[in-house]
Amino acid sequence: MGFLKTLLAKSPPFLFALLGGLGMGLAPDPFRCWWLAWVALAPLWLLCQRGTLKEGVGAAALWGFGYHGTALFWITGVHPMDWMGVPWGYSLAIALTVWLLITGWGMTLTILWAVVMVRLTPKLPVGAKILLGCATLAGLETLWSWGPLYWTALGYTQSPDNLVGLQLGRIAGQQVISMAIVAVNGLLAESWRARRWRYGVMALGLGGAIALYGVIELAQPVDSATPLKVGIIQGNIPNRIKLRGNGIETAVKNYTEGYRSLAALGVEMILTPETAIPLLYPDPSWQRSPFDQAVAELGVPVWLGTFRRGQSPDFYYNSLVLVDATGSPISHYDKVRLVPLGEYIPLRELLGGIIRRLSPLRGEVAFGASEQQVTSPWGPLIVGICYESAYPAHFRYQAAAGGRLLLTASNNAHYAASMPAQHHAQDVARAVETDRWAVRATNTGYSGIVDPHGRTLWLSGFETTERHAATVYLRDSTTLYVRLGDWVTPLLLVAANGYLMWLVKYPHSDRS
């Protein structure tokens with residue numbers, strides 16, 4: 001920390017790195033200044049071109065703290081955790097510690113990117129700098145997406161408002177949007193650094209090409225050949241209520257009433273949020289019986305957010321179970337991407353006795369199978385629960401397997417409003433990438449209906465009880481991203497490495 005303070009005190013340019021990171025942090029919710037993302041990386045780019053490695057790392061740390069710390073500040077909304085019996089002071093300490101840890105993880109990505117830029121690019125031609133900058137960032141984001149903590153890819157800053165830019169996701173997923181942001185920032189920075197305004201013109205040209213592609217995609221008609229009338233129940237049962245006293249009975253009452261009202265509207269399928277009724281299914285339960293009786297009576301299939309028993313008494317799945325009039329599950333989906341500390345303990349053998357999990361559950365939540373294919377009476381579906389919305393490959397796999405409609409169920413009840421808003425933005429991007437209608441059910445907000453172009457056709461209120469019926473459409477189309485995955489990142493990595501190998505072989509080549 002002393003090193004960073006020295007940089008800020010003695011080197012005013014490093015203040016601009018921090019301001020750039022803060023600007024990037026203002027792009028997503030709650031500020032939604034998405035356009036800032038197209039200029040906010042430029043200060044860090046400039047510092048990486050003119051400074052030492054130590055200075056580049058310091059600038060990247062400041063930029064990363066500004067971006068990830070601002071964008072992820074919603075995690076502190078878990079405080080206070082009095083509903084779990086955690087004292088106020090400990091609750092605040094836990095919230096701040098978790099925020100600093102996940103911010104630090106994001107900073108690590110930024111620092112690694114800066115190291116590559118400082119060590120390899122200052123003497124390269126501008127085109128090579130752009131190539132390495134884009135390839136490195138996309139490669140690092142892909143690597144981060146393989147891990148347990150992943151939310152703040154640069155591409156997510158454009159959702160849900162920049163629908164024109166989001167259409168790039170159809171080509172090769174979220175990383176293409178991240179690359180475009182890096183490229184535009186890099187060209188603007190080089191234009192300023194070298195006083196060669198043609199690079200600025202190139203940045204504008206690239207932005208114009210992106211806009212043209214997006215406008216063309218948005219103008220395409222949305223197929224409406226196979227309609228499905230769906231219902232969404234937003235129960236609005238905060239954890240502090242659901243997990244205390246008569247909270248389960250209140251949840252059962254709300255979801256039973258919601259189920260009956262939507263069934264009366266003639267919906268064909270109903271979606272409830274994650275852990276809507278947190279009782280083991282299909283174990284009999286007198287607490288859940290009013291809901292079970294309503295389903296048996298009215299017969300409308302419902303995706304129930306619940307827990308499903310695992311292979312041992314101490315493990316269970318966070319699941320969506322499709323139940324029909326027979327009362328038997330006809331399909332299910334088990335959550336794959338679990339929340340670290342919230343649903344499982346990383347390095348459990350080492351940390352299990354030290355870390356108090358931020359979860360009310362007894363026992364451990366088990367990981368669902370990574371290659372699940374969800375079947376239903378309407379054909380294959382694409383399903384995600386809560387945190388999984390940040391992982392594009394999760395949805396792409398199911399879409400490639402024939403998924404015709406995207407369903408997500410989330411809780412989000414223990415965070416500030418900016419978190420569920422960002423969560424909605426993640427699902428908007430997933431709908432565009434897979435070219436699917438998306439149906440979102442959340443506990444306290446924001447539930448929604450999103451079309452394949454990313455347009456939000458309905459969005460619930462926050463901390464409101466809602467029941468909504470809408471007609472969506474099953475689709476069998478495939479985007480280039482669904483067919484080939486993120487093919488651009490490996491292509492750029494190969495090109496970048498090939499260029500570097502050429503420089504090693506011919507070290508006296510003209511780099512200017």
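Odds and ends about this structure:
- Mean sequence separation of contacting Cα pairs (under 8 Å, at least six apart), scaled by the length of the chain, corresponds to a relative contact order of 16 percent.
- The magnitude of the dipole of region 177-253, with charges of +1 and -1 set on the Cβ of Lys/Arg and Asp/Glu and taken from the Cα centre, is near 420 debye.
- For region 227-476, a/c is less than 1.5, where a ≥ b ≥ c are the root eigenvalues of the C-alpha gyration tensor. That puts it in the rounded class.
- Full-stretch length increase - Trp458, Tyr90 - with 0.36 nm per residue and alpha-carbon distance subtracted: 128.6 nm
- Pairs of Cα atoms nearer than 8 Å and 6+ residues apart set the relative contact order; for region 227-476 it is 22 percent.
- Shape call, region 75-125: gyration tensor on alpha carbons, a/c limit 1.5: prolate
- Projected-area average for region 211-279 over all orientations - Cα convex hull basis, square nanometres: 7.5 nm²
- Charge tally around Gly445: other residues with Cβ under 12 Å, Lys/Arg +1 each, Asp/Glu -1 each, net -1.
- Residue-span extension gain [Ala495 to Trp197] - 0.36 nm each, minus C-alpha spacing: 104.6 nm
- What the Cβ-Cβ distance of Gln287 and Leu204 gives, at R0 = 60 Å and to the nearest 0.05, is a FRET efficiency of 0.45.
- Residues Met501, Met419 arranged by fewest to most Cβ contacts within 10 Å: Met501, Met419
- Separation of the Cys33 and Arg240 label points, Cα + 7 Å toward Cβ, nm: 3.2 nm
- Close lysine pairs were tallied over the chain: pairs 8 or more places apart or on different chains with Cα atoms under 19 Å apart number 6.
- The Cα atoms of the chain give a gyration tensor whose axes a ≥ b ≥ c have a/c of 1.5 or more with a/b greater than b/c, which makes the shape prolate.
- Contact order, relative form, for region 186-269: 25 percent (alpha carbon pairs under 8 Å, 6 or more residues apart, mean separation divided by residue count).
- When the helices of the chain are scored as -39500 (n - 2.57) per DSSP H run of n ≥ 4 and the total is divided over every residue, the value at 222 nm lands at -15000 deg cm²/dmol.
FYI, it's all coordinate maths here, none of it is from the lab. Note that the coordinates shown come from a computational prediction; the quantities given were computed from them, not determined experimentally. Glycine gets a Cβ as well: all are built from the backbone with ideal geometry, and neighbour counts include every protein chain shown.
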